[in-house]
Amino acid sequence: MAYGILAEIRLLSGNPPTSEVSDATINTYIDGADALVNSLTGKSDWVAADTEYEAVELASNLYAAAMILDHYKDTEGKAEKFRTRFYEIISKLEVTRPIKTIALGYRTSPAKDAETSDLVEP
């Protein structure tokens, strides 16, 4: 499920006509924004029930809109503002990740050399 919302992204990017920016193009930008969200948060399974989902949604909208503005008439510098806000939102997300314990089963012993020979039992 995509985090970004096409209609909101279209509005954020100045409501360009579909002849200039198709829905398919916006969906491609949403996919890119969502991939970046997943990469930066380390979480790829955001769902609407998550406490911070609305922030994830907004972040995706902002980044996708910035990508549109980068390619289509950004005379006001909105793209950079949207990207800055995106990174601010992402940096404030608190992602809870399960802790994995890995047992490797290796046994170690101290090195046997002149300086540590007193550590090794004969």
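Numbers below:
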| quantity | calculated |
| --- | --- |
| First in segment 36-49 and touching a residue at least 12 places away in the same chain (Cβ under 8 Å), second anywhere and in a helix (DSSP H, G or I), Cβ under 6 Å, 6 or more apart | Val37/Val56; Val37/Ala59; Val37/Ser60; Leu40/Ile90; Trp46/Tyr53; Trp46/Val56 |
| Residues within segment 52-85 that are in a helix (DSSP H, G or I), of a type in the set (Gly, Ala, Ser) and surrounded by fewer than 14 Cβ atoms within 10 Å (Cβ to Cβ), tallied | 0 |
| Residue check for Gly14: among the small types (Gly, Ala, Ser) and more than 22 Å from the chain's Cα centre (by Cα) | yes |
| Segment 17-51, residues that are assigned to a helix (DSSP H, G or I) and more than 14 Å from the chain's Cα centre (by Cα) | Asp23, Ala24, Thr25, Ile26, Asn27, Thr28 |
| Residue pairs meeting the criteria (Cβ under 9 Å; at least 6 apart or on separate chains; first over 14 Å from Ala64 (Cβ atoms), in segment 13-24; second at pLDDT 90 or above) | Thr18/Arg10 |
| Pick from segment 33-51, criterion of a type outside the set (Asp, Glu) and loosely packed, with under 15 Cβ neighbours inside 10 Å, ranking: farthest from Gly77 (Cα to Cα) | Ala49 |
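The values are calculated or read from the model by the stated rules, or taken from the named source; none is laboratory data. The shown structure was predicted, so the numbers you read here are calculated from the model rather than taken from an experiment. All Cβ positions, even for glycine, are placed from backbone atoms using ideal geometry, and neighbour counts span all protein chains on display.
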